[in-house]
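Written below as structure tokens is the structure these notes are about.
The values are calculated or read from the model by the stated rules, or taken from the named source; none is laboratory data. None of these values were measured; they are calculated from a predicted model. Here the Cβ is made from the backbone with ideal geometry for all residues, glycine too, and neighbour counts use every protein chain on show. Accessible surface areas use protein heavy atoms only, side chains included; no ligands, DNA or RNA. Shrake-Rupley method; radii C 1.70, N 1.55, O 1.52, S 1.80 Å.
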Number of protein chains: 2
Amino acid sequence: MSEVKIGILGMGNMGSGHAKNILESNATGAVLAAVCDERVERLKWVKETFGEKIQLFSSVEDFFANANVDGVIIATPHFNHPKLAIKAFERGLHVLCEKPAGVYTKDVRQMNEAAKKSGKVFSMMFNQRTNPLYQKVRELILSGELGDIKRTNWIITDWYRSQSYYNSGGWRATWAGEGGGVMINQSPHQLDLWQWTTGLMPKRVRAFCGFGKYHDIEVEDDVTAYVEYENGATGLFITSTGETPGTNRFEITGDRGKIVVEDNKLTFWKLLQSERQFNREYQGGFGEPECWKIDIPVKGEGTHHLGILNNWVDAILNGIELLAPGEEGINSLAITNAVYLSSWTDNWVEMPIDEDLYYQKLQEKIKESTFVKPEIEIKTLNMSVTF
Amino acid sequence: MSEVKIGILGMGNMGSGHAKNILESNATGAVLAAVCDERVERLKWVKETFGEKIQLFSSVEDFFANANVDGVIIATPHFNHPKLAIKAFERGLHVLCEKPAGVYTKDVRQMNEAAKKSGKVFSMMFNQRTNPLYQKVRELILSGELGDIKRTNWIITDWYRSQSYYNSGGWRATWAGEGGGVMINQSPHQLDLWQWTTGLMPKRVRAFCGFGKYHDIEVEDDVTAYVEYENGATGLFITSTGETPGTNRFEITGDRGKIVVEDNKLTFWKLLQSERQFNREYQGGFGEPECWKIDIPVKGEGTHHLGILNNWVDAILNGIELLAPGEEGINSLAITNAVYLSSWTDNWVEMPIDEDLYYQKLQEKIKESTFVKPEIEIKTLNMSVTF
């Protein structure tokens, strides 16, 4: 096999971008072979833009029955990700899935099981994992350089959205349409990096969501999530679409220092001695271990969507390791689900969460939703400014 | 009246510093007239250091019966602050009280009532209020420049203490001796500034304390406190004595921008338009109001303890306004008490707190305490490095 014939499910903002990436990077062995979208005008756009050779499908059933592809990129609304991925695995296709993995973990777990059973190459579009900044953070932590983690603190409030953004699609920011707000739509990358860089998943979560706090929407646009980890460390994740200018500052403290990522810079305060050891041995009154403030050089640019695409194709063709294995998509989603559940129940949520309870609560939200937004057309919602 | 004869109660680290300040700043009209301490060696030190003229007392009763003073500085262990202040007010003396105001608000409320009744000049040693950085923050907020506050977030984790610090006094970090840990001992200044600069007191509190998490102590050395304000804003206060190097970063977001105080710098991101107005009026997809990043110059140095002392003396002699009115000491203490109560009950705490419940819970902690620390003498615990 020398090339991977790819079908794209969903030709919205993200799907269109992936189509362009495939065509502009043919060196990697990726070939755009088929596209599926219910909207005739999107298929027309594909034909006009990319030519006659690409197979066009207006129904998923037709696509899975007739498309001549080796793998699919799933770029449909969030709710459908797991169902479509499962169909693809059952047909023996490789899958690259847009974030989030899905809307509830019950569904995503089934997707992961189907992936495992199929033996196919499954990746998630966590393009921020290609960012050398966060790769370096992960390296500093997993190599032991930072020591045991004591606290994580991510303020990621630079996701400002105006009401007009939410009004640009009736499905936006509804329980039925997206299954959540800033946690599920804007923050999945940071939620992925939060646990990917640290290697830590929360043990329990206590979260405080503002639902429609800053916008005329029914889902959350403001979140403070406090978590506790198995090793005793604590963590905070703070996000919002109601603040501008926002902040993107990720601080991690450990037994051997502190890491801060802010303004695209990585600073590492390195202790020359373990704090725990210093604490035991020091006999003075005030004092602390010697500490060096180090500007860690971060070389190169992230390869973003194209990087993940190439990595997936490379894994299919040459068996190289995935940067963002699809099975790991459940982690950030599980945190998201736990945050909602904690806020709804005004209580602690232990992890792993009760998936059936979450599914049931979400169905109630969808059922109870009486939210109707004025749907205003914005001709082009330029997604190049976001992820 | 051209000078204020001052008596100092408690000649420990803080009291000794205040004595020096009085003597070194005689221009202000402050005169050190009397000192009270149970420890003979401390009185001996006063005599040797400051000469024969200063009246020396080894009991509070003797002091209040015989000291020829106009006002007192209270620098005893925390628990005694309100009791001693009440005695002083009853004797018609002015009071300058070390932070914290006390250990529980029930007591402190009585102190405030006694102060009011006496009509005497009552100030708290919130020396950080003399810091031009925080004065400027307060100005930006109270003048309306920042607009309605949306979120406050103070990471104040640079209070590192080793076990040897705690071992240096058997009373340190015990419920009976200090009535708390990092919240009551290290962070009162930031807890004061948190609400003084913003003009906001929490409406309810949900806090997560680690008791003896990093040290062999019974009180908290690690805190994450989430609060909600009357106007819907949220806030975080994160403090610890178990992390090094720590962080001191205070971020406040508002309808017209963002303030960050870090590394002794004040940065103001100023929106040229109210975000709330932009949100209503903007019709594009992605977009946000124009924002200017401004380095606010902060001139001068804080006058610290001496500044508060001079201000108090000046208020007594010339009736000028107090920078840190004593009655405001209850605010930071009320937050502290709410944080403990929330952590102990693992639940929300509404403010103002149930003072009787807090008092009762604290008595239980004191009673149940079986904590015995090895008392190790450190000859001089140099307090000049702290506040």
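Quick notes
- Look at the dipole of the protein assembly as shown built from charges on Cβ: of B:Leu306, A:Leu357, A:Phe208, the Cα furthest out on the positive end belongs to B:Leu306.
- Accessible area per residue for the protein assembly as shown is 40 Å², calculated with a 1.4 Å probe on protein heavy atoms, without ligands, DNA or RNA.
- The DSSP beta bridges internal to the protein assembly as shown are antiparallel in roughly 65% of cases.
- Between identical copies, the spacing of A:Lys299 label points, each set 7 Å from Cα toward the C-beta atom, reads 4.8 nm from nearest to farthest.
- Whole-Å distance, taken between Cα centres, linking region A:274-320 and region A:51-79: 39 Å
- Once the C-beta distance of A:Glu368 and B:Asp216 is scaled by a Förster radius of 51 Å, the resulting FRET efficiency is 0.50 to the nearest 0.05.
- Pairwise burial B:A, computed as accessible area of each alone minus the pair, summed, 1.4 Å, Å²: 4900 Å²
- Cross-link reach list, aspartates and glutamates versus A:Lys365, counting only Cα pairs under 13 Å and skipping chain neighbours closer than eight places: A:Glu178, A:Glu218, A:Glu220
- Centroid-to-centroid, using Cα positions, region B:250-273 and region B:101-161 are 20 Å apart.
- Residues in region B:321-336 that a label on B:Tyr359 would reach, taking backbone N under 14 Å of a point 7 Å out along Cα→Cβ: none
- Between this copy and the others, label points of A:Ala65 are 10.5 nm apart in ascending order, each placed 7 angstrom from Cα in the Cβ direction.
- Cross-link reach list, lysines versus B:Lys117, counting only Cα pairs under 29 Å and skipping chain neighbours closer than eight places: B:Lys5, B:Lys83, B:Lys87, B:Lys99, B:Lys106, B:Lys203
- Over 19 Å apart at the Cα level, from the set A:Lys136/B:Lys265; A:Lys136/A:Lys258; B:Lys258/B:Lys299; A:Lys136/A:Lys265, are A:Lys136/B:Lys265; B:Lys258/B:Lys299.
- Positive-end residue of A:Ala225, A:Leu266, A:Ile252, charge dipole of region A:223-275 with Cβ unit charges: A:Leu266
- Positive minus negative residues near B:Leu317 (Lys, Arg vs Asp, Glu; Cβ under 15 Å): -2
- Calculated label separations, B:Lys116, copies of the chain, 7 Å along the beta-carbon direction, nm: 6.6
- Rounded to 5, the percent of DSSP beta bridges in chain A classed as antiparallel: 65 percent
- Between A:Thr267 and A:Trp348, the simple label model (points 7 Å from Cα in the Cβ direction) yields a spacing of 3.5 nm.
- Here the relative contact order of region A:40-142, from alpha carbon pairs under 8 Å that lie six or more residues apart, stands at 21 percent.
- Here the Karplus relation 6.51 cos²θ - 1.76 cosθ + 1.60, evaluated at θ = phi - 60°, turns the backbone of region B:287-292 into coupling constants of x, 8, x, 4, 9, 10 Hz, with x for every Gly and Pro.
- With all protein chains modelled, accessible area of A:Thr370 [1.4 Å, Å²]: 120 Å²
- Here's how it looks for A:Met124: its modeled amide H is under 5 Å from those of A:Cys97, A:Ala324, A:Gly326, which are all 5 or more places away or on a different chain.
- For region A:33-106, the set of GluC sites (Glu not before Pro) satisfying both a DSSP loop assignment and a count of at most 12 other C-beta atoms within 10 Å is given as A:Glu52.
- Simple point charges give the picture: +1 on the Cβ of Lys and Arg, -1 on the Cβ of Asp and Glu, and for chain B a dipole about the Cα centre of about 320 debye.
- Net charge in the neighbourhood of B:Asn248 (other residues with Cβ under 9 Å of its Cβ; Lys, Arg +1, Asp, Glu -1) is -2.
- Positions from region A:191-234 whose accessible area shrinks by 30 Å² or more when the full protein complex is built, not the chain alone, probe 1.4 Å: A:Arg206, A:Phe208, A:Lys213, A:Tyr214, A:Thr224, A:Tyr226
- Apolar share of the accessible surface for chain A: 46 percent from carbon plus sulfur atoms, 1.4 Å probe.
- Paramagnetic reach from A:Gln110 (point 7 Å along Cα→Cβ, amide N under 18 Å) across region A:33-62: A:60-61
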